[in-house]
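So the structure is just underneath, and the comments pick up after that.
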Amino acid sequence: MKKVAILFIGAVLLPSLILAFLAIRSIRDQQMVMERQQTLLYQEVINSLFKDIDTALAEKQRDFTFAVTKLLEGKDARKEAAQFNEQLRKTWPLARVGFVVALEGEVLSPSMFSGSEARRFRLENDQFLCSRETVEVYWNSPKGAINLSKLDQSDYSEKAVYATKSTKNNLPAAEAEFKSLIADANDGTIARYLQNKLNLLFWTRAKTDPQLIYGSLIDIPQLVNDLSKLLKVEPKLKDEIAVGLLDDKSALVAGTHAGLNWERPYLTVEVGDSLPHWKLALILLHPGKINQSVQSIRLTLGLLIAALLLAIGVGTWLIAQDLHRQLALARQKTDFVSNVSHELKTPLTSIRMFSELLQSPSITPAKQHEFLQIIQSESARLTRLINNVLDFSSMERGTRKYNFQPISLLDQVRHTIEAYRPQLELNGFKVEVELPVSNCRIKGDPDALSQALMNLLSNAEKYSGDNKEILITLEAGPVDVRVKVCDRGNGVPKGAEEKIFEQFYRAHDSLSSCIPGSGLGLTLARQIARAHKGDISYQPRPGGGSCFILTLPCHEN
Ligand code: ADP
């Protein structure tokens, strides 16, 4: 038992518990994996948007250079300078103010008198463009950058993975003067904040006169309008995320969804040099959705683990029950062997002893008769025991055959009682028999029924103690007949009323009660009764003792 328990714990219980523990841990990991996967997916979305916008800005720069080249084609760059503002604004939609700077330190266009916009531009930029002051700029040219393009990580939870720009240097804004900024580059972008307002300048060097720089102050609303066309989300992600372009004050200037709160985006990436401190942002439309999926996975796995543990528990209980049953059966079998040996030995000893006494020459005829009767009853007892054991084993194998035939139960009962009565009376029993006058016919096997009845009578004899009174009655009903064998013994102990019909079970142990037995008598009697479509039951007898009732169906003929 102990070995089996250890084996079960080691081979089943322990591995199952470890598996359950691992499963619980995997629920936790699952959440992290899902969040990570989701973040990677969204990071790809925002990275690809970043690339699109970067490319679009570079194209705008090229577009500007191309527009300038076209305007100056076949013309004297210096002569054309005065008209540049007006001409550029007519031909290039992004131009707010076109300007020309001679690197010697003179602004050739726009004219101070060509409108308020031009005048303001001159006032704000003349000193810088003539390289008479240094300003804080974000600068970029095909030869390299000295601007900032760092990722903003301050606002967002550590869960977010930030898109990175590997092609640009992460340099802060630089203090520089115009001349040193452009150095020997041919074109570029300069961004600066003037009174907290972004000024974006595209510039290019005149091919015919490298000392002349043609440039344009970019119309930011128009630029935003162009860029907003790039802000798109794949249809399958449309219900999950929104993307937007935020300006340097983190206000939305263009986006896929209106009316959302952009204060705490899920992911952001800085647009870069041309639009410093502007960000591309991504927000989740249903932030709790991932938690819901994780919850449902957690619930499913939790239920599975609970079911697993329940199955282990039930399995353990069933195995323990079965083990208990097997052990009880093994114990009963051992008891059976010692009981049968004891039952065989007792009658054999009597038979041998009384047959030896019979050989004595001085024995009186009366004694001779008495001894012969004892030998007879002891050999009958021996025969009963052997029959029971043999019948039990054939019943176990399912090979017992019955010879069913219409018989008179009354005759059968009377015949069996009469056969047993001498032994009972010899042992001092008062046997009372109440049989009906009318005959009851049944379909049965006479030998088997006699054996069942004999077992009941033998039990009544064995378990009566000193109150040696046995009553046998036969009651015939409309559908069945009942044969009752009642005694005045101590009865069946409480709780054992059904167990006494189990094989090998003995409520009165041979060793402690000194009553011989094999634990098979009632098992066989019940099997015989059931083979006749009847049954045997136990009832305590009013006034003390036991009543065993054999019920059999009446035979209709
Ligand atoms: P056994 O050979 O032990 O008598 P049985 O199957 O005939 O086997 O009976 C099973 C048990 O039922 C007995 O051991 C005894 O404890 C109980 N029993 C049977 N008949 C009686 C009875 N008439 N009075 C009290 N107990 C009985």
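The values are calculated or read from the model by the stated rules, or taken from the named source; none is laboratory data. If you're wondering where the values come from, they're calculated on a predicted model, not measured in any experiment. When we count neighbours, we look across all protein chains shown, and the Cβ atoms used for this are built from the backbone with ideal geometry, even at glycine.
Of the strands (runs of 3 or more DSSP E) lying entirely inside the range 166-276, those carrying at least 1 residues that are closer than 20 Å to Leu94 by Cβ and of a type outside the set (D, E, K, R) are 187-194, 197-205, 212-218, 241-246, 252-255. Candidates in the range 531-548 are the residues that are within 17 Å of Ala496 (Cβ to Cβ) and touching a residue at least 60 places away in the same chain (Cβ under 8 Å); of these, the one that is nearest to the ligand (Cβ to nearest atom) is Ser546.
Of the residues in the range 440-454, at least one is of a type in the set (Lys, Arg), under 22 Å from Thr523 (Cα atoms) and away from the ligand (no atom under 16 Å from the Cβ). Remark: pairs (first residue in the range 304-325, modelled with pLDDT of 90 or more; second residue of a type in the set (Asp, Glu); Cβ separation under 8 Å; 6+ apart in sequence or on different chains) are absent.
Scan Val437, Val483 and give me the residue that is over 16 Å from Gly544 (Cβ atoms), among the hydrophobic types (A, V, I, L, M, F, W, C) and either in contact with an Asp or Glu (Cβ under 6 Å, 6 or more places away or on another chain) or without any contact (Cβ under 8 Å) to a residue 24 or more places away in the chain (or both). Working first, answer last.
On the way: Val483 fails: either in contact with an Asp or Glu (Cβ under 6 Å, 6 or more places away or on another chain) or without any contact (Cβ under 8 Å) to a residue 24 or more places away in the chain (or both).
Sole residue among the options that is over 16 Å from Gly544 (Cβ atoms), among the hydrophobic types (A, V, I, L, M, F, W, C) and either in contact with an Asp or Glu (Cβ under 6 Å, 6 or more places away or on another chain) or without any contact (Cβ under 8 Å) to a residue 24 or more places away in the chain (or both): Val437.
As a summary of the residue check, Ile528 satisfies the conditions (1) of a type in the set (A, V, I, L, M); (2) out of contact with any Leu (no Cβ under 8 Å at 6 or more places or on another chain); (3) more than 11 Å from the ligand (Cβ to nearest atom) except for the one numbered (2).
Which of the strands (runs of 3 or more DSSP E) contained wholly in the range 464-557 include at least 2 residues that are under 52 Å from the mean Cα position of the chain (by Cα) and not hydrophobic (A, V, I, L, M, F, W, C)? Lay out the reasoning, then the answer.
Working: elements: 469-476, 480-487, 535-540, 546-553.
By residue number, 535-540.
Which ones in the range 239-274 are under 17 Å from Glu44 (Cβ atoms) and of a type in the set (Ser, Thr, Tyr)? Scanning the range 239-274 gives Thr256, Tyr266, Thr268. Conditions: (1) small (Gly, Ala, Ser); (2) within 7 Å of the ligand (Cβ to nearest atom); (3) touching a Pro at 6+ places or on another chain (Cβ under 6 Å). Gly519 meets all but one. Number of the miss? Condition not satisfied by Gly519: (3).
Applying the set (1) modelled with pLDDT under 95; (2) more than 7 Å from the ligand (Cβ to nearest atom); (3) surrounded by 14 or more Cβ atoms within 10 Å (Cβ to Cβ) to Pro493 leaves exactly one unmet item: (3). Checked against (1) at pLDDT 90 or above; (2) assigned to a loop (DSSP other than H, G, I, E, B), Arg120 passes all but a single condition, namely (2).
Of the residues making up the range 273-311, those that are over 30 Å from Asp248 (Cβ atoms) and not polar (S, T, N, Q) number 18.
Please specify each residue of the range 294-336 satisfying the condition of being under 30 Å from Asn261 (Cβ atoms) and exposed (fewer than 14 other Cβ atoms within 10 Å of the Cβ).
Applying the first criterion (under 30 Å from Asn261 (Cβ atoms)) to the range 294-336 yields 294-298.
Gln295, Ser296, listed by residue number.
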